[in-house]
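**Q** Sharing a structure with you now.
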Amino acid sequence: MVITVTQVDIWTALVHGLISFLSPCALPLLPSFIALLLYDKGRNAFFRIMGFFLGLSATFSILGALSGAVGGFLNKNVLRYVSGTLIIAMGVLFLLQVQLFKPTAVKLNKLAAGGILSGIGLGLGVGMVWIPCASPVLASILAIAATKGTALKGAVLLFIYSLGISVPFLTIGGFVSKLLTKVSFGTPLWERILKYGTSALLFLIGSLIIAGKAFV
């Protein structure tokens with residue numbers, strides 16, 4: 001079975017992931033997450049990081065598989081209009097800074113030490129934190145995954161989305177968090193750019209899907 005993932009799919013999923021990484025409600029938590037992840041040193045730390053990557057990727061890949069599977073049961077034209085309209089609606093919610101779900105408290109302190117299993121648990125926990133923080137953006141990429149029509153393609157798309165979160169998290173997460181969460185008066189410029197730029201992107205993607213010009 002050949003899995004067709006276009007460059008547009010890849011870049012769209014990665015950009016969605018990066019936007020989710022920059023969610024204002026998740027950024028302040030990055031130092032704590034990183035401290036938990038890097039609690040151990042040496043070989044144990046390596047397996048712990050691998051476990052984290054697997055746990056975070058699994059969280060979103062499962063959602064992508066479910067979305068793709070549901071999309072496979074729907075008429076293509078109906079799915080196109082529903083997905084496009086949903087993404088445009090998510091653009092409006094992102095512009096208004098509305099979260100679809102309220103962040104839930106996830107106790108991760110018990111995962112402060114351990115190997116790959118502890119890392120997987122930490123990855124799953126961090127993924128659960130990001131779901132409400134990035135809910136409009138996540139809903140958008142899930143709608144795109146639904147247009148793929150199969151669970152496998154949806155899972156692959158959301159795996160790529162998870163890379164947009166995990167790669168910057170594991171490489172520059174601490175630096176970005178310190179840089180962007182400094183005390184300032186009013187809404188920071190980067191946050192305004194992210195809000196308007198992301199909303200415009202979601203409007204564009206939704207419109208292209210409805211017109212049958214992309215992701216169909």
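**Q** If you take the residues of segment 15-58 that are assigned to a loop (DSSP other than H, G, I, E, B) and without any contact (Cβ under 8 Å) to a residue 24 or more places away in the chain, which of them is farthest from the chain's Cα centre (by Cα)? Show your work before the answer.
**A** Initially, segment 15-58 is screened for residues assigned to a loop (DSSP other than H, G, I, E, B), giving 22-26, 38-41.
Imposing the further condition that a residue be without any contact (Cβ under 8 Å) to a residue 24 or more places away in the chain reduces the set to 38, 41.
Details: L38: 22, K41: 28 Å.
Going through the qualifying residues, I end up with K41.
**Q** In addition: For G174, which of the numbered conditions (1) of a type in the set (G, A, S); (2) under 24 Å from F53 (Cβ atoms); (3) at pLDDT 90 or above; (4) surrounded by fewer than 19 Cβ atoms within 10 Å (Cβ to Cβ) fails to hold?
**A** (3)
**Q** Sticking with this structure for a sec: Cβ-Cβ distance below 6 Å, separation of 6 or more or different chains: which pairs start in segment 73-85 with a residue that is within 14 Å of K148 (Cβ to Cβ) and end on one that is assigned to a helix (DSSP H, G or I)?
**A** L79/G71; R80/I209; S83/A143; S83/A146; S83/I209
**Q** Of all residues in segment 37-56, count the ones that are surrounded by fewer than 21 Cβ atoms within 10 Å (Cβ to Cβ) and at pLDDT below 85.
**A** Going through segment 37-56 one residue at a time, the tally reaches 11.
**Q** How many residues are in a helix (DSSP H, G or I), of a type in the set (V, I, T) and either at pLDDT below 70 or surrounded by 20 or more Cβ atoms within 10 Å (Cβ to Cβ) (or both) if we restrict to segment 89-124? Can you show your working first?
**A** Start the filter on segment 89-124 by keeping residues that are in a helix (DSSP H, G or I), which leaves 89-95, 109-111, 116-124.
With the extra rule that they be of a type in the set (V, I, T), the set shrinks to 92, 116, 120.
From what's left, either at pLDDT below 70 or surrounded by 20 or more Cβ atoms within 10 Å (Cβ to Cβ) (or both): 120.
The number of residues fulfilling the criteria is 1.
**Q** As an exercise: evaluate S83 against (1) of a type in the set (S, T, N, Q); (2) under 14 Å from A143 (Cα atoms); (3) out of contact with any helix residue (DSSP H, G or I) (no Cβ under 8 Å at 6 or more places or on another chain) and give the number of the one condition it does not meet.
**A** With respect to (1) of a type in the set (S, T, N, Q); (2) under 14 Å from A143 (Cα atoms); (3) out of contact with any helix residue (DSSP H, G or I) (no Cβ under 8 Å at 6 or more places or on another chain), S83 is out only on (3).
**Q** Looking only at residues that are closer than 17 Å to L204 by Cβ and either touching a strand residue (DSSP E or B) at 6+ places or on another chain (Cβ under 7 Å) or of a type outside the set (S, T, Y) (or both) in segment 11-36, which one is surrounded by the fewest Cβ atoms within 10 Å (Cβ to Cβ)?
**A** Out of the qualifying residues, it is W11.
**Q** What number of residues in segment 67-80 are under 13 Å from A143 (Cα atoms) and not in a helix (DSSP H, G or I)?
**A** 1
The values are calculated or read from the model by the stated rules, or taken from the named source; none is laboratory data. Computed from a prediction, not measured in an experiment: that's the story for all the values here. Here the Cβ is made from the backbone with ideal geometry for all residues, glycine too, and neighbour counts use every protein chain on show.
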